[in-house]
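The values are calculated or read from the model by the stated rules, or taken from the named source; none is laboratory data. Here the structure is a predicted model, which means the values were calculated and not measured. Because the Cβ atoms are built from the backbone with ideal geometry, glycine has one as well, and the counts that use them run over all protein chains shown.
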Amino acid sequence: MEPITAHNSLTESTKFNLPTSNEDSDFTQKNNHIAYIAFGSNEGNQTRNINEALDYLETAKINVVSTSSLYISKPMYYKDQPDFFNGVVKVSFKDLSPHDLWKKGKEIEYKHINRAKKFDNGPRSIDLDILLYDDIIFNTNDLIIPHKSMLERSFVLQPLCELLSPDILHPVSAEPFHHHLAQLLAAESNETLQESSNLLQIIPVPRLELDYNRNPLKFDQLKYNQQTLIMGILNITPDSFSDGGDNFNVSAAEIEATASRLIEEGATILDIGGVSTRPGSVAPSEEEELKRVLPVVKTIRESKNEKLSTCLISIDTYRAKVAQECLEAGADIINDISMGLYDPQMFDVVAKYQCPYIMNHTRGTPEIMSTLTNYESNTNEDIIEYIVDPLNPSYKIENCDPQVTNLINGVSRELGLQILKSFTRGVRKWQIILDPGIGFAKNLSQNLSIIKYASNFKKYSIMVNERGEEDVEHFYLSFNGLASLFGPSRKKFLGTICNEPVARDRVISTGAAVMACIQQNTDIVRVHDVKEMKKVVQMGNAIYKNIY
């Protein structure tokens, strides 16, 4: 099925009057319910407060189905307080009325997270507000559903729309939520209420959760006006396609010197790999991989060079045990080229350590992936695909070859299904970084198309319908709000086009590909030649993001 888009026209106003005659006695319970709950925190360890609140929901038999991205917002109404972390969670449960659910939320706020409310709209360790409950309209003295203020708050409506397909209507206005969001985003901010309504998405790094200002993984996925980050490659392998052997069997001092150089040259993240994933490569044992990468993590974290010892460390692995031991040794990010397909325990590790997780699209194994390059349109009636632009509900991809559409949708669909699977294991959306996998089960023309249409990945959304004995469950995932990483560095397709058979010679061609990625709103580029690519990124940021 090709991508579809809602086409309803925008409403002229987001203001409306809710019904006033809905009491608990009017509510007829059914067995299974779906609700959407907004959360916010600006006191204490915000990330921990939010995660603990979600854990308490689970303890109360309120299942966390999925979450939005995590947003940083300026305080609204009372402005003299710290920034908030905001988001929305979709939950499912049985036999709880709206008031029962509301009481559970208040219990979590005040009993478990120890919220101390001093005045309305003031600082709080956690705030849980019911936005929607099934499709009902509910109005009592202490609880109104839909939430009466949601349509005036970007920090509520933007994450909510990540969890609702574009054809879902507001129960009162009868207009799509996505149209309300587009209208809100187009409106000027009321600076008397809020310094700015612009939001930043943040990917929490547990090591930095008490000082999120030190966390560079903050992005604006609407205006794209944040710095493009550089991930420097540090392969500890004898057989990687372009730098195999450079850092293999060398001393800790030499590793530290190389890592320090990459940071000085402009890398924000170091990606340490102990397994070559070039097509046709054969993997070492798990023990050998750990022997290669674990000492490097420790060397970096123990360095007396503060810039190096505090940098973000990513581990390029598809093995859960390697991921776990490296995270415990001080790594921050897991970069999984298998998107969770090679090791069934990987999602459990990512959920347990709450770390950023780069999900790289692939098919098959390195030995056979080059033969798996046929991408077809969706034929599964239980999967619906959408193209969603928060700023423009009527957005369409124009003049795109059907084969390219099949490629973009096919890669996105396979990534999306894995992301949904990860949610069932406890991974949160705000941990995910998308990598469409340049060179992984892609031929030359497909690699070019992946880069040319890179920005469209962030507009992809998918609905999966699972049919049970009594009803159908709907699982929706939007790529809106997700950061993306692209890794074209020194890849074979560059050498083929530019007649550069030696991978190390592909610096300028890599730079051209990196520039195209920046033009397509890529957030992180993974490169070998950090010094040279830093200049490319600086120019790309200046040209396309007005940052210089």
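For segment 361-375, indicate whether the set of residues that are within 22 Å of I269 (Cβ to Cβ) and part of a loop (DSSP other than H, G, I, E, B) is non-empty.
yes
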### Summary
Within segment 204-224, the count of residues that are in contact with a Ser or Thr (Cβ under 7 Å, 6 or more places away or on another chain) and modelled with pLDDT of 95 or more comes to 2
### Message
Just checking, does segment 105-128 include any residue being in a strand (DSSP E or B), on the phi < 0 side of the Ramachandran plot and touching a residue at least 40 places away in the same chain (Cβ under 8 Å)?
### Response
yes
### Task
Examine segment 505-519 for a residue that is of a type in the set (A, V, I, L, M) and in a strand (DSSP E or B), and state whether such a residue exists.
no
### Query
If you go through segment 37-73, how many residues are touching a Ser or Thr at 6+ places or on another chain (Cβ under 7 Å), buried (at least 18 other Cβ atoms within 10 Å of the Cβ) and assigned to a loop (DSSP other than H, G, I, E, B)?
1
### Task
Mind counting the residues in segment 96-128 that are at pLDDT 85 or above, surrounded by fewer than 18 Cβ atoms within 10 Å (Cβ to Cβ) and not basic (K, R)?
6
#### Entry: Those residues of segment 310-334 which are among the polar types (S, T, N, Q) and surrounded by 18 or more Cβ atoms within 10 Å (Cβ to Cβ), in sequence order
S314, T317, Q324
### Query
So I383 fits all but one of (1) under 22 Å from the mean Cα position of the chain (by Cα); (2) under 19 Å from I518 (Cβ atoms); what number is the exception?
(2)
## Note on the structure
From the option list L415, L407, L434, single residue qualifying as assigned to a helix (DSSP H, G or I) and within 24 Å of A320 (Cβ to Cβ) is L415
### Message
Whether any residue in segment 516-523 is free of Cβ contacts under 8 Å to residues at least 40 places away in the same chain and surrounded by fewer than 20 Cβ atoms within 10 Å (Cβ to Cβ) is what I want to check.
### Response
yes
### Task
Output the qualifying pairs, or none if there are none: Cβ atoms under 8 angstrom, residues six or more apart or on different chains, first residue in segment 531-548 and assigned by TED's automatic domain parsing to the domain that holds T258, second residue charged (D, E, K, R) and in a helix (DSSP H, G or I).
K531/E265; K534/E265
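So which of S242, S260 is modelled with pLDDT of 95 or more and polar (S, T, N, Q)?
The conditions single out S260.
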#### Entry: Residue list for segment 482-504, restricted to those being in a helix (DSSP H, G or I) and charged (D, E, K, R)
K492, R504
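Within segment 251-306, can you find the residues that are in a loop (DSSP other than H, G, I, E, B) and among the β-branched types (V, I, T)? Before you say what the answer is, go through the steps one by one.
If we filter segment 251-306 for residues that are in a loop (DSSP other than H, G, I, E, B), which is where we start, we get 251, 266-268, 274-285, 302-305.
Correct list: T268, V275, T277, V282.
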### Message
Exactly one of these conditions fails for F138: (1) among the aromatic types (F, W, Y); (2) surrounded by 21 or more Cβ atoms within 10 Å (Cβ to Cβ); (3) not assigned by TED's automatic domain parsing to the domain that holds F84. Give me its number.
### Response
(3)
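Are any residues in segment 188-203 modelled with pLDDT of 95 or more and part of a loop (DSSP other than H, G, I, E, B), and if so, which ones? Quick ask: steps written out before the conclusion?
Of the residues in segment 188-203, the ones modelled with pLDDT of 95 or more are 199-203.
Correct list: L199, I203.
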### Task
State yes or no: is L151 hydrophobic (A, V, I, L, M, F, W, C), farther than 16 Å from F84 by Cβ, part of a helix (DSSP H, G or I) and in the same structural domain as S197 (by TED's automatic domain parsing)?
yes
#### Entry: Total residues in segment 269-295, condition hydroxyl-bearing (S, T, Y) and at pLDDT 90 or above
1
### Message
Could you check segment 376-397 and list, in sequence order, the residues that are part of a strand (DSSP E or B) and either more than 19 Å from M339 (Cβ to Cβ) or modelled with pLDDT under 95 (or both)?
### Response
I384, Y386, I387
### Query
Looking at segment 278-309, which of its residues are surrounded by 23 or more Cβ atoms within 10 Å (Cβ to Cβ) and touching a residue at least 60 places away in the same chain (Cβ under 8 Å)?
V296
### Query
Only one of these conditions is not met by F347: (1) in a loop (DSSP other than H, G, I, E, B); (2) of a type outside the set (D, E); (3) at pLDDT 95 or above. Which number is it?
(1)
